[in-house]
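So the structure is just underneath, and the comments pick up after that.
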Amino acid sequence: MQRTRKPGISRRSTLALMGTGAVTFATPWVARAQAKTIKVGMPTILSGRVAQLGTSSRNAVMLEVEKVNSAGGLAGRQIEMVIRDSKGAPQEAARVARELVNTDGCELLIDAEASSGAFAVHEVARDLGVFCIHTNSETSALTADPKQHIPNAFRAARQGVHDSIVGGSYAAAIAKTKGLKKWATCAPDYAYGRDTTGEFTLYLKRFAPDVEIISESWPKLFQPDYTEVVTKILQAKPQALYSCLWGGDLTSYIDQANIYAMFSQMEVFAVNMADYTALTVVKNLPKGIHSGNRYIKTYPATAENAAWGDAYKAKYNEYPTNWSWENATAVTLIAEASKKANSADGKKIAEAMRGLTIKSPFGADGTVTMRAEDQTLIGYAIGWGTTIPQEPYVPEVKAGDWKTILELEAEWKKSKGYA
Amino acid sequence: MTELQAERTGEPLSVARDEARSQRSRYLDVLMALAAFGVLASLPLFFGSKALLDFVIRCSAFGLFATSLNLLVGYTGMISFGHGMFFGLGAYGFGLIMQRTGIPVPAAFVATLVITAIIATVIGAICVRLKEIYFAFVTLAFQMLIHSTILSWASLTGGDQGLRGGIPRPVFLGIDLSNHVHLYVTSCALLVTGLLLMRQIAQSPFGYTLRMIRDNANRASFIGIDVWRAKLTIFVLAALFAATGGIVMALFVSGAYPEFAYWTISGEGIFINMLGGVTTFLGPMVGTVLLLILNDTVTRLTEYYGIVLGIVILFFAIGLRKGLMDFVVEWYVQRRDGAGERG
Amino acid sequence: MLNGFCAPIIAARRNGYLPVDLDALTGCLASPACLVTQTTSGFIIGMLLFLVAVGLTLIFGVLKVVNFSHGAFYMFGAYFAMTAYQLSGSFALAMFCGAAGTALLGLIFERVFMSRVYGADVLMQLLVCYAFVLIFDDVVRMVWGPEFRSMGMPAAFQVMPLFIAGGVVPPYYLLLIGVALVAAVILGLGLARTRLGKVIRAAAHNPGMVSALGINTGLIYGGVFALGGMLAGLAGALAAPVRSLTPGMGFSVLIESFIVTVIGGMGSILGALIGALLIGMIRSFGSLGFPLFTEGLMYLFMVIVLVIRPTGLFGKEVA
């Protein structure tokens, strides 16, 4: 039997073509959802002074997502990352977060914003109900404050108060052995600097009650010239200095303090020194600066951690940062929660993530946990040690004890009225 | 017809006809405003896209801000580098009042405007007597001072983290601002009302006084105009509309951040006026839409937004030397004159 | 309702983050040792500020244009110097590259772009300069990467600080102060006394007349802008060993330079010097008395000067 074909395009094909055309040419405001992949949105800072935050976060996320995708993705759906720059402006962060969800069809958000940007995205998560995991904000209030509690928002980052408890007790031990009674502080004048310094001082004095803070300096964030700060500190003649300056500021400060020979006159406790961003950049790193780990591939001293650090360096030709491990952990948490819930749905992932413990190269005991009560990360490795100017940079690290940390944190929350 | 001609011919001075004409244009403005509002308000019915509504809400915030800046720059010739301070004050004022007191939204709105008016009067009284570039410097200095205060007074403003915890929105007159569509319609209403009011100011005798001051302040003072008072008045009025824009933005992000009072907001206002053109009333509105589309499209494609924006600015500043609406108006006038000549 | 606003102020007092610590300030003013140290540090800060700001005031004084891209030249000077130092290991070469590179950049920038907006209002100048700041920041980011970098102090200067007149002075800062003073003297006297200086000032006043006399005003304008850019670049190069480098580092120095030149008087070299020293003292003593509001103090001072004397302490009335 002959098959006859009418010339031209059939009506059905025409309709199909028109439909395809309409979808293709639809304005960017029409959301497109696909079943095979799951889009995950990531607002972050890729330009400006803190661009390294965004680029290292992005690197870590892409590294982990590759692993997750080759293992099958989230409940069979391959992850497609949509990463967008907010330029460090919180109204842009809010807009970008909304756009990712409303226009680009992202079903999950990995919020790699910092400070005010994270709070802005938090409000978007509150409004839209989308699953959101913060990865770079260390402000305790983001999860500790009951006013900020929403069931779909999590934080996979270190917390300022945890760092301060460990730092304070480490510093107190040294203060007692070396008789360091007079302390000076130097912190950037913004929420992170003020809160962290306040908490560190609280715990330092708690474990070493003889300590007295005789001088406080509050330079502005990104201030280029620290001369008045250095001379003020030198004048006060403290025995020890605490500083939570970070990144470029820490480097500038070290350079400027070096020419005043400050480091030979006091013990220095710099929270953010033991991070490759500072360690590999500072040219004349003085010996013996006490520092907490931000990310060091030698602590935890496990093969998994070293392997992860090496893999990152091999792929991106630079060392991972603190932001890198936090973002990597977020992706792993999402993958594990999705496996547990056997679903890629945001609500189900959120449910599965509460209280979830996963294996992690960054865990103090090989695991980290997403605490159910306030949906923030605990159990990650925190430790302090002294620096040397070459690899491995921090040869010996004294680990923080999580039992103590959790006890003191509960006390701190009560004192702030959060509990 | 001039007064002299009226005397000679004995005809009554046709002031009435001029009055009628300006009344007609006022009715036209109101009609256009109602029509625009009608179109905007019905958008959610035809397009289900939240992103479109978000875009219009942001256009409202920046449009009010940029048009108010144009009242200073385009109509009065006062180039302010610090106008963003009122955008930030509006956002913080409204946010703080709503967070810390329980008063209803319209009352908070009015209270914010009153506070902004007071601060603007004080700052304006100091600034407006300075000329040209020094006026620009001192407004910038005041803006940086306010920004610095917002950062330092962390116990009141939340410092660099901004106002956190969201802005409470109790329902008023049946309007629930936590509902996206309600917020959208309210922003459109504020935008249209704001533009209408600013239009009336611009087309009023006071508005023409401002143009006279822009063209030659000395001559204006010679014919008896109190230049200082006129400038102060428009400074405060512009501040009020900028604050309204700030309130819309605060509602959109459900918070207020120090970046709202930073120089970059003033800079964006200036870019918008440059893109859209300062010689027409709707120029800044066109510029707002252009800048936001540019911003959104470029950040979707690349993280090197700076280079793109820089090239666009150069193109307009050195190449075109005028804004888009200026072009449109010129082209229209040329066509009309050309048609007149031919006809 | 008032309670809602008063509570945070009371809380701040209780937490110990007092914005004002007048005891520390008066205590220091009473103690000669402290007074000397703070004054020395204020002097150092001021001279560093002057070095950075002098290029801005020069360009405004001669060309009547506010160079909002001043910070970008500072940034390029630092990056050129760092790269030259990394490649050659020579401090002198690094400084030369920083200065020469930015001089060339300034010349090109002026001839191709700035010359088009001389007559236009300050808004156009701002826009053109700011466009270039945006472009330059991204170019630096593309070439050198977004992470911050450090040049490191050359071995020659890694020595102990000196004690001069009771104050502590690092030898490297002596070099910087020396360069700043030399620049101040050469520019100040050069513009006022030498023939070239007179020609430059004449070209600024009346370019038509000067070019009618057969002098190439374009060359003069380009040269002055190149000089101003070079000064900014040299400042950046000299600051590179003690400050970290990052794209966008120019913005904070732009604001500082701006404050200094506005207070001192746009166009006056002496004004920039005095303004810079005043700001240095405010920073130095202000960080004792007002540790959380030091920056605000500077803006407040700028407002006061602008209100009382808009042209600045030593500025001339713009005709």
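The values are calculated or read from the model by the stated rules, or taken from the named source; none is laboratory data. Source: prediction; values computed, not measured. Quick reminder, even Gly has a Cβ in these numbers, built from the backbone with ideal geometry, and neighbours come from all protein chains shown.
Data table
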quantity	calculated
Extreme residue, modelled with the lowest pLDDT, among residues of the stretch A:264-293 that are over 23 Å from the mean Cα position of the chain (by Cα) and within 12 Å of another protein chain (Cβ to nearest Cβ)	A:ASN284
Given (1) of a type outside the set (A, V, I, L, M); (2) more than 26 Å from A:PRO224 (Cβ to Cβ); (3) within 11 Å of chain A (Cβ to nearest Cβ), index of the condition C:ARG116 fails	(3)
Enumeration of residues in the stretch A:320-343 that are on the phi < 0 side of the Ramachandran plot, outside any helix (DSSP H, G or I) and surrounded by fewer than 24 Cβ atoms within 10 Å (Cβ to Cβ)	A:SER343
Helices (runs of 4 or more DSSP H) enclosed by the stretch C:202-303 - at least 1 residues per element that are crowded, with 24+ Cβ neighbours inside 10 Å and in contact (Cβ under 8 Å) with a residue 24 or more places away in the chain	C:217-239, C:250-264, C:269-289
Test: residue in the stretch A:371-383 that is surrounded by 20 or more Cβ atoms within 10 Å (Cβ to Cβ), out of contact with any Leu (no Cβ under 9 Å at 6 or more places or on another chain) and among the β-branched types (Val, Ile, Thr)	yes
Candidates A:GLY292, A:GLY288 - the one that is touching a residue at least 24 places away in the same chain (Cβ under 8 Å), touching an Asp or Glu at 6+ places or on another chain (Cβ under 9 Å) and part of a loop (DSSP other than H, G, I, E, B)	A:GLY288
The listed residue being out of contact with any Cys (no Cβ under 8 Å at 6 or more places or on another chain), part of a loop (DSSP other than H, G, I, E, B) and closer than 18 Å to B:VAL236 by Cα, out of B:PHE65, B:PHE87, B:PHE81	B:PHE81
Helices (runs of 4 or more DSSP H) contained in the stretch A:62-172 and holding at least 2 residues closer than 28 Å to B:LEU301 by Cβ and modelled with pLDDT of 90 or more	A:90-102, A:115-128
Residue check for C:ALA33: within 11 Å of chain A (Cβ to nearest Cβ), of a type in the set (A, V, I, L, M) and over 30 Å from B:SER155 (Cβ atoms)	yes
Top-ranked residue in the stretch B:124-137 [being assigned to a helix (DSSP H, G or I) and under 20 Å from the mean Cα position of the chain (by Cα); ranked as modelled with the highest pLDDT]	B:GLY124
The one condition in (1) in contact (Cβ under 8 Å) with a residue 60 or more places away in the chain; (2) among the aliphatic types (A, V, I, L, M); (3) within 30 Å of B:SER25 (Cβ to Cβ) that B:MET212 fails to fulfil	(1)
Enumerated helices (runs of 4 or more DSSP H) restricted to the stretch B:233-343, each holding at least 2 residues that are surrounded by fewer than 24 Cβ atoms within 10 Å (Cβ to Cβ), of a type in the set (A, V, I, L, M) and facing another protein chain (nearest Cβ under 9 Å)	B:305-314
Out of A:TYR299, A:TYR260, A:TYR242, sole residue that is hydroxyl-bearing (Ser, Thr, Tyr) and over 24 Å from A:SER137 (Cβ atoms)	A:TYR260
The stretch B:132-144 residues that are within 7 Å of chain C (Cβ to nearest Cβ), paired with ones that are crowded, with 24+ Cβ neighbours inside 10 Å and of a type in the set (S, T, N, Q) (beta carbon under 7 Å, 6 or more apart)	B:ALA136/B:SER80
Residues that are at pLDDT below 70 and hydroxyl-bearing (Ser, Thr, Tyr), drawn from the stretch B:1-40	B:THR2, B:THR9, B:SER14
Test result for B:SER80, within 12 Å of another protein chain (Cβ to nearest Cβ), of a type in the set (Ser, Thr, Tyr) and farther than 26 Å from A:THR103 by Cα	yes
Leading residue by the ranking (nearest to the chain's Cα centre (by Cα)) among those in the stretch A:247-263 that are surrounded by fewer than 22 Cβ atoms within 10 Å (Cβ to Cβ) and assigned to a helix (DSSP H, G or I)	A:PHE263
Count - residues of the stretch A:385-406 that are β-branched (Val, Ile, Thr) and part of a strand (DSSP E or B)	1
Single unsatisfied condition, B:ASN218 versus (1) part of a helix (DSSP H, G or I); (2) in contact (Cβ under 8 Å) with a residue 24 or more places away in the chain	(2)
Selection count, the stretch C:53-77, where residues are at positive phi and within 14 Å of chain A (Cβ to nearest Cβ)	0
Among (1) over 21 Å from A:LEU53 (Cα atoms); (2) crowded, with 24+ Cβ neighbours inside 10 Å - the single one A:SER140 does not satisfy	(1)
Subset of the stretch C:119-161 [more than 22 Å from C:GLY236 (Cβ to Cβ), within 11 Å of chain A (Cβ to nearest Cβ) and either among the aliphatic types (A, V, I, L, M) or under 22 Å from the mean Cα position of the chain (by Cα) (or both)]	C:VAL159, C:MET160
Among (1) within 14 Å of another protein chain (Cβ to nearest Cβ); (2) hydroxyl-bearing (Ser, Thr, Tyr); (3) part of a helix (DSSP H, G or I), the one test that B:TYR208 misses	(1)
Meets criteria (touching a helix residue (DSSP H, G or I) at 6+ places or on another chain (Cβ under 7 Å) and either under 18 Å from C:LEU104 (Cα atoms) or modelled with pLDDT under 85 (or both)) for C:LEU219	no
Scan of the stretch C:165-201 for residues that are in a helix (DSSP H, G or I), within 14 Å of another protein chain (Cβ to nearest Cβ) and of a type outside the set (Gly, Ala, Ser), ordered by number	C:PRO171, C:TYR172, C:TYR173, C:LEU174, C:LEU175, C:LEU176, C:ILE177
Selection within the stretch A:214-239 - on the phi < 0 side of the Ramachandran plot and assigned to a loop (DSSP other than H, G, I, E, B)	A:TRP218, A:PRO219, A:LYS220, A:LEU221, A:GLN223, A:PRO224, A:ASP225, A:TYR226, A:PRO238, A:GLN239
Positions within the stretch C:36-52 being within 7 Å of chain A (Cβ to nearest Cβ) and under 13 Å from C:ALA272 (Cβ atoms), in sequence order	C:LEU48
Count - residues of the stretch B:100-121 that are surrounded by fewer than 21 Cβ atoms within 10 Å (Cβ to Cβ) and either over 20 Å from the mean Cα position of the chain (by Cα) or hydroxyl-bearing (Ser, Thr, Tyr) (or both)	8
Counted residues, the stretch C:306-316 - those being hydrophobic (A, V, I, L, M, F, W, C), surrounded by fewer than 22 Cβ atoms within 10 Å (Cβ to Cβ) and within 19 Å of the chain's Cα centre (by Cα)	2
